[in-house]
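K.L.:
For reference, the structure I am asking about is given below.
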Amino acid sequence: MLWIDKIDKVFTKKNNSDNGTTQRITNMFLTWVSDKQKEVFIVATANKINNLPTEMLRKGQFDEIFFVDLPDFKHRIEIFQIHLKNLRPLKWNRYNIYYLSKVSNGFSGAEIEEAISDAMYNSLYENREFTTSDIKNSISKTVNFSRSNKISLSKVRLWGYSGKIRAG
């Protein structure tokens, strides 16, 4: 069994600035997987599947690809609770997480975490504690994947729910 977290960061589409290193690593990995005498069980996560090289997504490379949709309102509340609780133990409830969950519609968990981090750094720069307003401002400045790639997201969503792997 092999676990690859954020496979889209490890294997990316062809990058002209890396002298072909990314392509060589991708080819070596795919060769290794196909040459194995025993079955290889690979579990991988990706935030931006459209960043993966097409060779990774050809039929026969992976048997199953699952799509986990963006968090709904209830799950965004839980994400905010988790991240704010870790930053301010026992004080996370002073943030208006219901409001933040509403204004962060279409955000992934990673994008919510990024907005909180951005708000924290901005307030640290101004030498003060960060507030709900800081997080809201960070959310409004963030161009999340669902907003910037509506067509890609709908294709990936359709593809993921169908259970079929796209042809290269």
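Table: residues versus (1) part of a helix (DSSP H, G or I); (2) modelled with pLDDT of 85 or more.
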site	(1), (2)
114	yes, yes
118	yes, yes
123	yes, yes
136	yes, yes
153	yes, no
167	no, no
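K.L.:
Can you list residue pairs whose Cβ atoms sit under 9 Å apart, with the first residue in the range 9-20 being under 17 Å from residue 55 (Cα atoms) and the second being at pLDDT below 65 and not in a helix (DSSP H, G or I)? Count only pairs 6 or more apart in sequence or on different chains.
P.N.:
Hits for this filter: 20/14.
K.L.:
Let me ask something additional. Is at least one residue of the range 10-25 part of a loop (DSSP other than H, G, I, E, B) and within 19 Å of residue 64 (Cβ to Cβ)? Please lay out each step first, then the result.
P.N.:
Step one: filter the range 10-25 for residues part of a loop (DSSP other than H, G, I, E, B), giving 11-15, 19-20.
Then keep just the ones that are within 19 Å of residue 64 (Cβ to Cβ); that gives 11.
Yes: one or more hits.
K.L.:
Test each condition in (1) loosely packed, with under 14 Cβ neighbours inside 10 Å; (2) at negative phi; (3) polar (S, T, N, Q); (4) modelled with pLDDT under 80 for residue 22 and report the one that comes out false.
P.N.:
Just one mismatch for residue 22, condition (1).
The values are calculated or read from the model by the stated rules, or taken from the named source; none is laboratory data. Note that the structure is a prediction, hence the values are computed from the model and not measured. Here Cβ is always computed from backbone atoms with ideal geometry, including for glycine, and neighbour counts include all displayed protein chains.
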